[in-house]
Amino acid sequence: MGNNITKDLVRREFEDLKSDLNQGNIPKVAAEYQKQLNETMSLPLNIAVTGDAGVGKSSFVNAFRGVSDDDNEAAEVGPGKETMELKAYPHPSFPNIKIWDLPGIGTYKVKAAEYLKNVQFERYDVFIMVISDRFTESNALLAKEIQRMKKKFYYVCSRIDVTINNEKRKRNFNLEDTLASMRKYCEDSLEKAIGVSSSVFLVSNREVHMYDFPLLHGRIVAELSDHKKDILTLAVHIFSENELMRKKELMKSYIKKVALISCACGAVPVPGLSMACDVGILIDVLKRFCRVFGLDDQSLRFLALQTGKEFQELRSAIKKTPLANAINAELVFSLLMKSSLWVAVSMVEMVLDVIPLIGSVFGGASSYVVTYYFLNSFLDDAVEDAQNVRAKLLQQPESQRKFKDTSQNLL
């Protein structure tokens, strides 16, 4: 594991905790941190997806969640599988995020206001309307009603890959021109229908790394409230360096709280070392890191299918971290034996220096240091492996490489 955490850095982190510790004892502060972490990780985020039958709505729900259409937990897609009742589909790694597949307004054959009442409008934080290349009267009625109620609303034209494939048959095909033309047509149709100018995201449910899918994620994240913004940031797939760094910063903040919780929860001895930490806490956190950075079996298989890569090709890019399902107590102990040796040799003096600050409990002090160092080292490795996987994803023939859309100003 990485070794980028210095004694001075850990010492500064102890200093940062002084204000909290001065307000109460360690168990009290740790309990508050645990409460904050539990609330943050269980905070509900409800995203409603609506649209007419046959526009790719259920496939979009699956793609947004990072689930393949033939997975057991996927929304049903295909002929005769139109959504007739609203249903929630939890994100596989963050079950507090629910993507709701709503029936199209045409299914209920009622006025827009009554439709919104039937689908429990107030429940949702975000609305996404999936449209085809035509904006229907039902779409317009629903859009106007949601705008009137001042909810976050995003328009998505899915199946852009179908349009591109059809246009490729023309002699003078140009990808940029085709996308620009399609976007203008959708946005003009939308403005004509509801009288308001709004962006339309062009996406492919089969190629979430291309076109506007990453832009859609970014726009929704940017416009959510702070805590829900963080939750969705951790859940989305990594298609840019900025997304990766945002995830890393959130996890760094998470580590600080976990380290103090470990300090207060009591030590589990590491054989042969005087240092200790709560291995149960570490197992949960390491699994969370892997899911956040897409280093788990399901994420890799989904991305392999979406990009036409082989699972093993993506898996081979992961050099330093295990997959989430391989993390257990035995593995954590093994990693601790390797990484904590540096802590034991290099930090004992520092830990002794700061014992008065944290209640004169050497076990708690060492637990904090080991946990903080260990998790930061693992985080560095996870980020590096996520960068390697992303590099593999982008290794495509020139004709298939991600289109650098001129719509970056959407964000």
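Readers should treat all values here as calculations from the given coordinates under stated rules, not as data from a laboratory. Values in this document were obtained by computation on a predicted structure and should not be read as measured data. Neighbour counts are summed over all protein chains in view; Cβ atoms, including those assigned to glycine, are modelled from backbone coordinates with ideal geometry.
A few remarks follow.
- Loop-located chymotrypsin sites (Phe, Trp or Tyr not before Pro) across segment 138-217 with a Cβ neighbour count of 14 or fewer within 10 Å are 173, with loop assigned by DSSP.
- Order by protection proxy (mean Cβ within 10 Å, highest first), peptides 246-254, 136-144: 136-144, 246-254
- Computed extension gain for residue 168 through residue 87, at 0.36 nm per residue and net of the alpha carbon distance, reaches 25.5 nm.
- Stretchable slack from residue 117 to residue 338, in nm (0.36 nm times residue separation minus alpha-carbon distance): 73.8 nm
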